[in-house]
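Okay, so here's the structure we're looking at.
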Amino acid sequence: MSPILAPRRQEASPATSSNGVVRGLPWGAALCSGLAVLLASAPVSATIQGYTWLGHAVTAVFLVVALGLALHRAGQFAVVAGQCMGVLLLVTAEFGDGAVLGVLPGPTALRSFGALVTGAGAQIAVGTAPVAATPEILFLVTAAFGMLAVAVYLAAVIAHAPAAAGVPLLAVFAVPAALDDALLPWPTVVCSAAGFGVLLITRSGARRQRVGGIALIAVAVAVALGIGAVSGFIGTTGRFATGGPAGGGGAIGLTPFTSLRGQLTQNNPAELFRVRGLPQAAYLRALTLSTYVPDVGWQATRPGSGPTLPGTLAVVGGPTARIATVDVENVGFKDYWLPLYGEPIAVNGMDGRWVYDSRSGTVYTSKPLAEAGWQETAELAVPSADQLRKATGSTAAVGSYLDLTGVDKRVADLARQLTAGEDTAFDKAIALQDYFTGPTSAFHYSLRTAPGNGDDALVDFLTVGKTGYCEQFSAAMAVMLRSVGVPARVAVGFTGGIADGDHHTVSTSDAHAWVEAWFPGYGWMIFDPTPLTDGRTIVPPYVAQAEAEKAAAAPPTAPAGNDAQQAPAPQDLPTPEPVAQDEPAPAAAGGAELPPWLLGLGVGVLLVVGAALVPAALRERSRRRRLAAAAAGGPDAAAAAWAELLAESIDRGVPPQESDTVRLTARRLVRAHDLDSLAQQDLRTLVGGVEASWYGDIHPGPRDLEGPLTTMLAAVAEGSPLSWHGRLLPRSVLSRPASPRSSAYDDAAAPNKRGGGAADV
């Protein structure tokens, strides 16, 4: 037997791992860690408006992965420290005011970080999905995803414990849960589970388990989706805070206004209730807001104690009471609040324990429930306009509903000017409602307004903007009613819905806010200042009577442009500016413009795909460079040919041993790749040329090694075909040796000038 074919026991080497894979740059694990983080980011899409955040997340994750690979040989501590520093420099460059040289965090930048964190915390505390992609939220997303990518990289790549990476990946759900504790869409669960699965099935040594692992992950995701599919409910889902100002009893942690906006902006309305037995159109009230906070909006305080439900309440009908029995079938509503009509007399049919707070007019429970349905005996007050005009008496019982602490003086001045000459509380309420909904009103209804908490800029809304949705209108009118001595609060719930056979259907598109004003002897009466144009507004009989009386007494309509019919405005208020109508913008002549979220998503996909193709591109570049050098001949020809042959072998899972000579390595190649006699003869020629060049300084001429090398490469490829995974992630690129190289082309761990020579053959 030829010495080159003589068998020899394979020995372990520090250059190889226990499974024979050469240790080096962890390309596969690093890329998979970044991909897992991005897939786990899917829940964020349900809680932040648009997809601007995705670009920031992709940038942070890509930077962490790139720094991890670049610093891999410097040691574990250097990798983690470098990644953390990279995230800091990134957020400084994007968000830091007064950064040194644009990227270094100085004192001014650090102070701006504190302000951003404070602002983000404030938005999370009172916000629900979808929150605006403000600089505060984008700062939080960038920093959070950067540090999350560091944690996942540390667990999956450095510590070789991909299963432990599931713990930091769970943190991705913490941000959506803080903004909206409603159930997340099912695609977010699939993406997150797939990201974690990628880490598990691509770990070192899991090659034989990948098919089973993929099947197991798919089954687990399907089971989880099946279990969660039965709980798809919607609600304001407010949270009771444990603390709060003295006397306030603590505020609701989730402002209902933001949830209201989220329901109104849904692309596909969801059915919530089916109502039967309602004798007249009426608003379905869920809760009321009694506390006005300047520059923040209307807030709900913690409800008081009261009788428990189901059961009958000690409520006596008023002088104009109309009693109705209403059956409410719950289709998809889950909340702390039980929506009711008018003043409840009895409520039955619920499985949970509820509490009725007569002061706020709400029924609540300690945790969100989804009752199948309930039956309510309700008092629907129907006083006339004259009866409300004559309503007199003390307002001491509702004195807190007159609180105007912090209200801008200009708002009160405007309210008094609009109600000048009106002698009764009812006529003042009608005058204020007409300011928003009357024929001469300059206000417009639109959902195209920045999300807020009721009246972040109340004066601007009343005098400049004059465009908003029910939140702004109800909040403004309630403040103005208090300014003229009428107790008022804001109610949140639903309009009457649409008729459908024997019932009315109430959906998320019917979510609404209105004003309730208190009249002695009659209680809380409804006024709706929102100028809706879709027919959903419910006009109470007393409002309809007052409007008819006013229309009959009004002089002929003045010509267009006559300022005499316009509502007065205080002299110290800013001059109103024209407001654009709520109409869709015309399409550009050059074609439709790509939406920002689609562009961001496309960039993210390109980055991930491009990163995944990098190893294969590097392998092809090295192959061409070595083949050209081998064909050219000269001092580097033998090293280039030998390096390319070993690279093909490494790609197929057969690495060289650092301690082996050229001929010992050749024997391993013959056995591992089952080379035939023709290939073995070419291998002898190639080995002879390598030894002559390295040890005798006799270098091959042009094309001397081209033929044997081409035959050998083809034989290796035929004996050990590459899978798609091997082509996409070649091991010769992902696993670099720790041994020194003898030439510029010896980057495949060739056992070159160590102990070689004729004595070894």
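Return the residue satisfying two criteria in turn: it lies in the range 493-517 and is part of a loop (DSSP other than H, G, I, E, B) and out of contact with any helix residue (DSSP H, G or I) (no Cβ under 6 Å at 6 or more places or on another chain), and of such residues it is nearest to LEU402 (Cα to Cα).
It comes out as GLY496.
Tell me, yes or no, whether the range 326-343 has at least one residue that is of a type in the set (Ser, Thr, Tyr), surrounded by 19 or more Cβ atoms within 10 Å (Cβ to Cβ), within 37 Å of the chain's Cα centre (by Cα) and modelled with pLDDT of 90 or more.
yes
Quick one: which of VAL44, VAL37 is closer than 27 Å to LEU613 by Cβ, part of a helix (DSSP H, G or I), modelled with pLDDT under 80 and open to solvent by less than 20 Å² (accessible area, probe 1.4 Å)?
None of the others qualify; the one that does is VAL44.
Please determine, by comparing only the residues of the range 156-178 that are among the hydrophobic types (A, V, I, L, M, F, W, C), surrounded by 18 or more Cβ atoms within 10 Å (Cβ to Cβ) and farther than 9 Å from SER33 by Cα, which one is modelled with the lowest pLDDT.
Among those residues, the one meeting the criterion is VAL175.
Could you go through the range 731-742 and let me know if any residue there is modelled with pLDDT under 80, β-branched (Val, Ile, Thr) and open to solvent by less than 60 Å² (accessible area, probe 1.4 Å).
There is at least one residue in the range 731-742 that is modelled with pLDDT under 80, β-branched (Val, Ile, Thr) and open to solvent by less than 60 Å² (accessible area, probe 1.4 Å).
For the subset of the range 47-62 comprising residues that are modelled with pLDDT of 85 or more and open to solvent by 50 Å² or more (accessible area, probe 1.4 Å), which member is nearest to ALA156 (Cα to Cα)?
Only one residue fits best here, namely PHE62.
Are there any pairs, at least 6 apart or on different chains, whose C-beta atoms fall under 6 Å, with the first in the range 634-660 and part of a loop (DSSP other than H, G, I, E, B) and crowded, with 24+ Cβ neighbours inside 10 Å and the second of a type outside the set (D, E, K, R) and at pLDDT 85 or above, and if so, which?
Partner pairs satisfying both residue conditions: PRO656/LEU646; PRO656/THR665.
Here's a check for you: in the range 496-512, which residue that is within 30 Å of the chain's Cα centre (by Cα) and modelled with pLDDT under 90 is most open to solvent (accessible area, probe 1.4 Å)?
Across the range 496-512, the extreme among qualifying residues is SER509.
Out of ALA478, ALA431, report the one residue that is modelled with pLDDT of 90 or more, touching a helix residue (DSSP H, G or I) at 6+ places or on another chain (Cβ under 6 Å) and not in a loop (DSSP other than H, G, I, E, B).
ALA431
Would you call GLU376 in a loop (DSSP other than H, G, I, E, B), at pLDDT 90 or above and either buried (at least 20 other Cβ atoms within 10 Å of the Cβ) or touching a helix residue (DSSP H, G or I) at 6+ places or on another chain (Cβ under 8 Å) (or both)?
Criteria not met by GLU376.
The values are calculated or read from the model by the stated rules, or taken from the named source; none is laboratory data. Keep in mind that this is a model prediction, so the values were computed, not measured. All Cβ positions, even for glycine, are placed from backbone atoms using ideal geometry, and neighbour counts span all protein chains on display. Accessible surface areas use protein heavy atoms only, side chains included; no ligands, DNA or RNA. Shrake-Rupley method; radii C 1.70, N 1.55, O 1.52, S 1.80 Å.
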